[in-house]
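Here's the structure, in structure tokens; my notes come after.
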Amino acid sequence: MSIENKVVVITGSSSGIGAATAKLLAAKGAKVVLGARREDRLAALAQTIGENARYHVTDVTDRQSVHDLIQLAVSEFGRVDVLYNNAGTMPQGNLSDREYDKWQLMLDVNVMGVLNGIGEVLPVMQAQHDGQIISTDSVAGHVVYPASAVYNGTKYAVRAIMEGLRQEEKGHGIRSTIVSPGAVRTELVKTIGNAAIEAGISQLMNSEEASGLALDPEDIANAVLFAIDQPKHVAISEVLVRPAEQEV
């Protein structure tokens, strides 16, 4: 099944995985509707893609903002074939640090952001009796490691939510997919909020020896394309993509 002319809404699309995915899907003929908080980045990306791109400044923690993004896709292109919930944040630190504000932010963005996207797009897809909802999960949603318990928790939650979505909506022609990357060279590292951890990860990912230790955003974009570009009777439920030399 060709991806040409499919309408794909992407959150967290101003940089990294979201931007790479938007460019790749648009190059394959899809119509992309971009959502993120940074308008300057969105405008530049939409201009680069051209006539098949629209954008709306979107905060995924704000349900009305997500609603408006979905409605932009419907008003401009008549439908929503795919919603890609990609926005996320990754503060790191031990539970003993008691960083309640960072924990709340992760819950709001990583969990409620996904739920807001699902809730706002489901009526559209149910009416179409067709659609696909994809969420960026993480290796952290499959493996727990120190200084990341809350982030792990949010990503485990996304796995559970997306599996529940699959079971509830399969009869409405709606498929669900999680894409779980390992280490990827993106701006997500800048949200870690712990100087020592951030410096260590940045140094590792950007070293000359890091080719097998970190993925590029385009690698994940290719996984998203694979999940979308399947016939309707095929559901790619999970895609786990690690750098070849990543240990966890």
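The values are calculated or read from the model by the stated rules, or taken from the named source; none is laboratory data. As the structure is a prediction and not an experimental result, all values here were calculated from the model. Quick reminder, even Gly has a Cβ in these numbers, built from the backbone with ideal geometry, and neighbours come from all protein chains shown. Surface accessibility is based on the protein's heavy atoms, side chains included, excluding ligands, DNA and RNA. Shrake-Rupley method; radii C 1.70, N 1.55, O 1.52, S 1.80 Å.
Some points to look at:
- Ordered by solvent-accessible area of protein heavy atoms (1.4 Å probe), largest first, the residues 240, 213 come out as 240, 213.
- Ellipticity estimate at 222 nm from DSSP helix runs (n ≥ 4, -39,500 (n - 2.57)) divided over the chain, nearest 500: -13500 deg cm²/dmol
- Residue by residue, the stretch 147-159 carries 3J(HN,Hα) couplings of 6, 9, 4, 6, 4, 3, x, 5, 6, 5, 4, 4, 4 Hz when phi is fed to the Karplus relation 6.51 cos²θ - 1.76 cosθ + 1.60 (θ = phi - 60°); x denotes Gly or Pro.
- Nearest-ten-degree value, helix 113-128 long axis tilted from longest Cα axis of the chain: 20 degrees
- Computed from Cα positions, the angle between helix 195-205 and the longest principal axis of the chain comes to roughly 70 degrees.
- Of 31/155; 6/102; 28/232; 31/232; 6/170, pairs whose Cα-Cα distance is over 25 Å: 31/155; 6/102
- Kirkwood Rh in Å, taken over all unlike Cα pairs in the chain: 18.1 Å
- Simple label model, 7 Å out from Cα along Cβ direction - residue 238 to residue 40, nm: 4.1 nm
- Solvent-accessible surface ranking, highest first, for 185, 37, 98, 175 at 1.4 angstrom: 37, 98, 185, 175
- Highest-first arrangement of 5-11, 104-110, 153-159, 242-248, where packing means the average Cβ count within 10 Å: 5-11, 153-159, 104-110, 242-248
- Max mean-square fluctuation residue, GNM over the chain, Cα-Cα springs under 10 Å, options 222, 94, 86: 94
- Considering only 66, 80, 234, the mean-square fluctuation computed in a Gaussian network model of the chain, springs between alpha carbons under 10 angstrom, is largest for 234.
- Of 142, 129, 233, the residue with the greatest mean-square motion in the GNM of the chain, using alpha carbon springs below 10 Å, is 233.
- Converting phi to 3J(HN,Hα) with the Karplus coefficients 6.51, -1.76 and 1.60 and the offset θ = phi - 60°, the stretch 13-30 yields 9, 7, 6, x, 4, x, 5, 4, 5, 4, 5, 5, 5, 5, 5, 8, x, 6 Hz in sequence order, with x at every glycine or proline.
- Stokes-Einstein D for the stretch 33-133, Kirkwood Rh over Cα pairs, 4 °C, 1.567 mPa s (µm²/s): 88 µm²/s
- Taking amide H as placed 1.01 Å from N in the peptide plane, the amide H of residue 176 sits under 5 Å from that of 133, each at least 5 places away or on another chain.
- Separation between Cα centres of the stretch 219-248 and the stretch 37-104, rounded to whole Å: 21 Å
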